[in-house]
Amino acid sequence: MRTENQRLADLLRDEQDAILRGWTAEYHNYAEGRGLTQNVASEQQAILRGLEAGLRADGDAGNFSAGPWTALRETLARLSRDRAAQGETADVTSGFILALKRPIFDALQRQTGVVEGQIDVIWAISAIADRMAQWTVSTYQKTREDIIVRQQHELLELSTPVIKLWDGVLAVPVIGTLDSSRAQMVMETLLERLVETGSELAIIDITGVPTVDTLVAQHLMKTVTAIRLMGAESIISGIRPQIAQTIVHLGIDLQGIITKSTLADALASAMRMTGHTVVRAAT
């Protein structure tokens, strides 16, 4: 084992209580009271255990992805995921790790009569702490990206509900811009609901779509084609005058597709196509 690793491992064992107190104080000053979770003490102890284990296994800061640091990496990854899920910022999360430097430097300074190799020891713990902080930030960023992707997927699902109007008829009110990812979500959700309910007709209402360009029209055509392949028919409602003019100018062919200006008209057509009749009750 390298001499500096041996000295640092022994220091973490012998000065653990003092290092923990100094770490908490340093982090409190850095974060100004933010990010001090209830389990911060257990997080600190787990990190110190992983750090000591890595040092005694003669881990090298330049190869932080190696086996000696496995337990420490897992502890840091768990901490980063928890902090990201709680909405903590990346700088405070990495600052929690970097706050460990000062109390270790103080503990080294308290060692009287030890001068030889002191620079090597300081450089070693500084390099390791930096790698720990980098690992924490990279894990935090990946976790946040995963959270954002999941939230976007959930928002897409919420923004494109498939409503069962009555037996055999579904409706999809589309509101906002219809891009490729959202169009794919509409298609997948609608086809799944067609199979689940055994419906034979789907109304796609685009009243809430601000503009219809070539790309949006292509998405609609693909959705209609997929519905037909499932043995069902579709009605596109919400074709306002401006949208009708745009479709004509773009040369988009909607022949063979039932289109209606309002959702009410589409509902009336759907009832006729499914053999239903609405009669006003006698008063």
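The values are calculated or read from the model by the stated rules, or taken from the named source; none is laboratory data. Note that this is a predicted model, so its numbers are computed, not measured. Here Cβ is always computed from backbone atoms with ideal geometry, including for glycine, and neighbour counts include all displayed protein chains. With ligands, DNA and RNA removed, areas are computed over all heavy atoms of the protein, side chains included. Shrake-Rupley method; radii C 1.70, N 1.55, O 1.52, S 1.80 Å.
Taking just the alpha carbons, could you work out the radius of gyration and Dmax for the chain, both in angstroms?
31.4, 105
Towards the positive end of the charge dipole of the chain, with charges on Cβ (+1 Lys, Arg; -1 Asp, Glu), say which of MET221, LEU170, SER80 has the farthest Cα.
It is LEU170, whose Cα lies furthest towards the positive end.
Would you mind checking the tilt of helix 180-197 against the longest principal axis of the Cα atoms of the chain, expressed as 0 to 90 degrees and rounded to 10?
Its long axis makes an angle of about 60 degrees.
In deg cm²/dmol and to the nearest 500, what is the mean residue ellipticity at 222 nm of the chain if only DSSP H runs of at least 4 residues count, each as -39500 (n - 2.57), divided by the residue total?
So the helix-based figure for the chain works out to -21000 deg cm²/dmol.
Give the shape of segment 1-129 as rounded, prolate or oblate, defined through the alpha-carbon gyration tensor: a ≥ b ≥ c are the square roots of its eigenvalues, a/c under 1.5 means rounded, and otherwise the shape is prolate if a/b is larger than b/c and oblate if not.
Since a/c reaches 1.5 but b/c is at least a/b, the shape of segment 1-129 is classed as oblate.
HIS249 accessible area, nearest 10 Å², 1.4 Å probe?
That residue has around 150 Å² of solvent-accessible surface.
With +1 on each Lys and Arg Cβ and -1 on each Asp and Glu Cβ, how big is the dipole of segment 182-239 about its Cα centre, in debye rounded to the nearest 20?
140
Whenever you get a sec, compute what percent of the accessible area on the chain sits on carbon and sulfur atoms (1.4 Å probe).
Heavy-atom surface of the chain belonging to carbon and sulfur, 1.4 Å probe: 53 percent.
If you line up the long axis of helix 241-250 against the longest principal axis of the chain, both from Cα atoms, how many degrees apart are they, to the nearest 10?
Approximately 80 degrees, to the nearest 10.
Could you tell me the accessible area of ASP58 in Å² (1.4 Å probe, neighbours in place), rounded to the nearest ten?
Rounded to the nearest 10, that gives 50 Å².
With a cut-off of at most 16 other beta carbons within 10 Å, and DSSP calling the residue loop, which trypsin sites (Lys or Arg not before Pro) in segment 211-280 qualify? Please list them.
Here the trypsin sites (Lys or Arg not before Pro) that fit, given the DSSP loop and packing criteria, are ARG280.
With an 8 Å Cα cut-off and a minimum separation of 6 or more residues, compute the relative contact order for segment 44-182 in percent.
This gives 24 percent for segment 44-182.
Heavy atoms only, 1.4 Å probe, whole protein assembly: order ASP106, ASP60 by accessible area, highest first.
Largest accessible area first, the residues go ASP60, ASP106.
For THR207, which sequence-distant residues (separation of 5 or more, or a different chain) have an amide H within less than 5 Å of its own amide H, given hydrogens modelled in the peptide plane?
Amide H to amide H, under 5 Å and 5 or more residues apart or across chains, THR207 pairs with VAL174.
Please state, as a whole number in µm²/s, the translational diffusion coefficient that the Stokes-Einstein equation yields for segment 145-283 at 25 °C and 0.890 mPa s, with Rh defined as the Kirkwood radius across alpha carbon pairs.
Translational D for this selection: 156 µm²/s.
Please report the relative contact order for the chain, taking Cα pairs under 8 Å with a sequence separation of at least 6, and give it as a percent rounded to a whole number.
Relative contact order comes out at 14 percent.
Excluding residues fewer than 8 places away in the same chain, name every one of the lysines whose C-alpha is closer than 28 Å to that of LYS260.
Cα-Cα hits under 28 Å: LYS164, LYS222.
For q values of 0.14, 0.27 Å⁻¹, compute log₁₀ I(q)/I(0) with the Debye formula on a Cα-only model of segment 168-241, without solvent.
With one equal scatterer per Cα and no solvent, log10 I(q)/I(0) is -0.38, -1.37.
Using θ = phi - 60° and the Karplus form 6.51 cos²θ - 1.76 cosθ + 1.60, what ³J(HN,Hα) does each residue of segment 84-101 get, whole Hz, x for Gly and Pro?
Here the 3J(HN,Hα) series is 5, 5, 7, x, 5, 7, 5, 5, 5, 5, 5, x, 4, 6, 5, 5, 6, 4 Hz.
Using unit Cβ charges (K, R positive; D, E negative) and no other charged atoms, how large, in debye to the nearest 20, is the dipole of the chain about its Cα centre?
That gives the chain a dipole magnitude of about 540 debye.
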